[in-house]
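Asker: To start, I am sharing the structure in question, which I have written as structure tokens.
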Amino acid sequence: DHMEDARASAERLRDGVKDLIKDDPLLIEWCDIDCCERFIRARPSSYDDALTLLVKSIAWRKETNPHIMQCKQCNEDPLSHNMRIVGLDRDHNPVIYTCFSQALNRFSPEDSIRHLTRVTEDAMTLNKHQGGKKIIWVIDFDGFSFSDCNPRTAMLVLPLLDNYPDTLRAIFLVDAPMIFNGTYKVVAPLLPATTKEKVKFVSLKASQEEFSKFCDENTTQWMLDEMQENRERRKPPKQYWVGLSAAEKSEGGEEEDARGNHDPRGTSELLS
């Protein structure tokens, strides 16, 4: 049985690194059978390759402590970045959304990677509680400019993803402009074939159909409302971490938002 073989390989893998994690309760908790199965699936043709990948990831976790990593920029100014968990798909996997126009201090690749690490760690923790296994990533290119065409950011993302193997369910690139093509041509050959298959270029107009393949009606509608709102609301900068009514009142306005009860923090399912 394939599932039994995968689990046996995962148990063997975990046994292979037991001496590396035995003195660290957090690593012991992180390196469970589900985690080891992901590393096996990422390197299905070679146990040794899976072991090497896991050993490198353990060393990375010891060095960087991603579970406590903070985005210093966002601690100083929450408008620096915009990436956050906004909902769950039908299989209870976290949906991560980010929009270029709403991230006002996004041009440092290293700071962006720290932010991505924080959000990914939060998503993996949520998976442990919600029963999810994967992550959906929605990148809204509204506001993307030449200043964002830094291949270094993409080159830093690739090794980071090695620490979260077999995690991505889909990556939606919404309204990616022509100027992004050059960056993607540099990155695409370096992507594993399984990852490349999950990258989906979609327009805002066509995104509803694509989102609905993975998400229920409410989550799909939240993303459509959020993307439309981000194209309409420029000033003052949107406080996406604050509930809509509170944000409106803090700006001194009492009128109801044109998008009804859309909450920029995320879907009602996630917030409940």
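The values are calculated or read from the model by the stated rules, or taken from the named source; none is laboratory data. This structure is a prediction, so every number in the text was calculated from the model and none was measured. Every residue, glycine as well, gets a Cβ built from its backbone with ideal geometry; the counts of neighbours run over all protein chains shown. Accessible surface is based on the protein model in full, side chains and every heavy atom, while ligands, DNA and RNA are left aside. Shrake-Rupley method; radii C 1.70, N 1.55, O 1.52, S 1.80 Å.
Asker: Which shape class, rounded, prolate or oblate, goes with the range 50-153 when its Cα gyration tensor gives a ≥ b ≥ c as root eigenvalues, a/c under 1.5 marks rounded, and past that a/b bigger than b/c marks prolate?
Answerer: Oblate shape, in that a/c is at least 1.5 and b/c is the bigger or equal ratio.
Asker: Okay, moving on. Under a 1.4 Å probe, what is the accessible area of the range 76-168 per residue, stated in Å²?
Answerer: That works out to 39 Å² for each residue.
Asker: ³J(HN,Hα) across the range 79-87 via Karplus (A = 6.51, B = -1.76, C = 1.60, θ = phi - 60°), whole Hz, x for Gly/Pro?
Answerer: Using θ = phi - 60°, the values come out as 7, 4, 10, 10, 5, 7, 6, 10, x Hz.
Asker: Counting helices only, and only those DSSP H runs with n ≥ 4, report the 222 nm mean residue ellipticity of the chain as the sum of -39,500 (n - 2.57) divided by its residues, in deg cm²/dmol to the nearest 500.
Answerer: -14500 deg cm²/dmol
Asker: So how far apart, in nm, are the two label points at S203 and S272 if each is 7 Å from Cα heading toward Cβ?
Answerer: Label-label distance for S203 and S272, simple model: 3.5 nm.
Asker: Got a number for carbon plus sulfur as a percent of the chain's accessible area, 1.4 Å probe?
Answerer: For the chain, the apolar C and S fraction of the accessible surface comes to 52 percent.
Asker: Next question, about the same structure. In percent, what relative contact order does the range 1-133 have, based on Cα pairs under 8 Å that are 6 or more apart in sequence?
Answerer: 19 percent
Asker: Between V55 and D15, what length comes free when the chain is fully extended (0.36 nm per residue of separation minus the Cα-Cα distance, one decimal in nm)?
Answerer: Once the chain is fully extended between V55 and D15, it gains 13.2 nm.
Asker: Below 8 Å, C-alpha to C-alpha, sequence gap of six or more: please give me the relative contact order for the chain in percent.
Answerer: Reported as a whole number, the value is 16 percent.
Asker: Right, next: Within the set K133/K213; K22/K134; K128/K198; K133/K185; K56/K196, which residue pairs have Cα atoms separated by over 20 Å?
Answerer: Pairs exceeding the cut-off: K22/K134; K128/K198; K133/K185; K56/K196.
Asker: Only bridges whose two residues both fall in the chain count here: according to DSSP, what percent of them are antiparallel, nearest 5?
Answerer: 20 percent
Asker: Right, next: Helix hunt in the chain: which complete DSSP H runs extend at least 15 Å axially by C-alpha with mean Kyte-Doolittle at least 1.0?
Answerer: 151-161
Asker: Give the relative contact order (percent, whole number) for the range 128-217; include only Cα pairs under 8 Å separated by 6+ residues.
Answerer: It rounds to 34 percent for the range 128-217.
Asker: Next question, about the same structure. Would you mind getting me the FRET efficiency between E63 and R7? Use the beta-carbon distance for r and R0 = 41 Å, nearest 0.05.
Answerer: Here the calculated transfer efficiency is 0.90.
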